[in-house]
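Undergrad: Take a look at the following structure, please.
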Amino acid sequence: MENRTAYGGIALNDSKWTWRAVGLVSILATLLLITGFVYAVSDIINPKGETLLTSLPQETAEPTAAASDELKILALGDSLAKGTGDNSGQGFVKRTLEALSEDGGKAELLGNMGINGLTTAGLQSKLQEEGVQYALRQANVILISIGGNDLFRGSDILGTGSSSGQAASPADTSIPADGVAPPGTGSAANNTVEGSAPVPTASTDELTPESLLSALPDASKRLGSILDTIAGINPQAQIYYVGLYNPFGDIEDLLVPGNQAVTAWNNAAMDIINTHSNMTLVPTFDLFNRHLDKYLSNDHFHPNGDGYQRMSERIVQAVH
């Protein structure tokens, strides 16, 4: 009897602890379900989206402006690059710089190497100078204006009586190595004093398509050499060549030969530029055509402030 009682007692104790364990598990499960239900209700009432931006890898974040985004501008070439004719002294170079610096843009002018009277032959010589090459390597935007003196220097456009009626030869010993033509060599860009108002008196015999176009083959070859040289010195830079306009389109006898020469030059320049992916021709012919009275300075050759402003707007469009 005692053994059965003991055995029966053990069975009763096991059964009691079993039910207690089942009850405890049930309570815990109920609490877990209640907690989940409360969280679900809270999420419905106050939904929270995923913080996607903080979960993205660092390298996928929107890039900030790097130092390389700053435009470092260098200008070189003739009197148009220098800004001759603009009473404010800005020319298209400084006007372009100001426009590119607007609205948080970063632009810096490394230098303006424009020289009055410079020809393609003179610019070729300048490109051999170590200082010029150093400046070119620092720039990522290069503005070039050259060619006007090659086309028009052979005619006595301003009536100085110094013209031979032929385009100057690149071997002309009266032109210094730096390409700056001294007074009396027939350079239309250098035969006037700024502020004077000479009256063009050239005749059709002096300024003909033949006389103007005679300078084109050699000059365009030099232009190609210039652009190749600059691209070789700085292959990463974007190069913007400013096309020519006809400053004598408002003179009946000079309209046709001037237009023909300038158009032929711009077409030759475009053929060269089309072979370089980092070069752009900025057209100006249409800006001045029929608007010379508004956009030329009183020397009847260089742009005035408004003319340079129109040129700079074209350059800014090309850069953007």
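Undergrad: Quick check on packing: order 237-250, 298-311 by the mean number of other C-beta atoms within 10 Å, highest mean leading.
TA: Values: 237-250: 23.1, 298-311: 21.2.
Taking the mean over residues of other Cβ atoms within 10 Å, the ranking is 237-250, 298-311.
Undergrad: I'd like to check one number: the per residue accessible area of the stretch 232-320, probe 1.4 Å, reported in Å² as a whole number.
TA: On a per-residue basis, 44 Å².
Undergrad: Also, quick follow-up: So who's got an amide H within less than 5 Å of the one on GLN238, skipping anything under 5 residues away but keeping other chains? H placed 1.01 Å off N, in plane.
TA: VAL141, ILE142
Undergrad: Separation of the stretch 251-281 and the stretch 226-242 by C-alpha centroid, Å?
TA: Result: 18 Å between the Cα centres.
Undergrad: Quick one: of LYS94/LYS126; LYS72/LYS126; LYS94/LYS221; LYS221/LYS294, which pairs are farther than 24 Å apart, Cα to Cα?
TA: Details: LYS94/LYS126 22 Å; LYS72/LYS126 20 Å; LYS94/LYS221 29 Å; LYS221/LYS294 33 Å.
Among LYS94/LYS126; LYS72/LYS126; LYS94/LYS221; LYS221/LYS294, the Cα-Cα distance tops 24 Å for LYS94/LYS221; LYS221/LYS294.
Undergrad: Once the piece of chain linking MET270 and GLN317 is laid out straight, how much longer is it, given 0.36 nm per residue of separation minus the C-alpha distance between them?
TA: Details: separation 47, 0.36 × 47 = 16.92 nm, distance 1.77 nm.
Full-extension gain reported as 15.1 nm.
Undergrad: Would you mind checking which residues have amide H under 5 Å from GLY243's amide H? H placed 1.01 Å from N; only 5 or more apart, or other chain.
TA: VAL282, THR284
Undergrad: Ignoring ligands and nucleic acids, what accessible area does ARG137 show with a 1.4 Å probe (Å², nearest 10)?
TA: 120 Å²
Undergrad: Using θ = phi - 60° and the Karplus form 6.51 cos²θ - 1.76 cosθ + 1.60, what ³J(HN,Hα) does each residue of the stretch 271-278 get, whole Hz, x for Gly and Pro?
TA: Using θ = phi - 60°, the values come out as 4, 5, 5, 5, 8, 10, 6, 9 Hz.
Undergrad: Can you give me the solvent accessible area of SER211 with a 1.4 Å probe, rounded to the nearest 10 Å²?
TA: SER211 exposes around 10 Å² with every protein chain in place.
Undergrad: Take peptides 255-266, 105-116 and line them up by average Cβ neighbours within 10 Å, highest first, as a rough protection proxy.
TA: Top to bottom by mean Cβ count within 10 Å: 255-266, 105-116.
The values are calculated or read from the model by the stated rules, or taken from the named source; none is laboratory data. Keep in mind that what you see is a predicted model, and the values were worked out from it rather than measured. Every residue, glycine as well, gets a Cβ built from its backbone with ideal geometry; the counts of neighbours run over all protein chains shown. Only protein heavy atoms, including side chains, enter the accessible area calculation; ligands, DNA and RNA are left aside. Shrake-Rupley method; radii C 1.70, N 1.55, O 1.52, S 1.80 Å.
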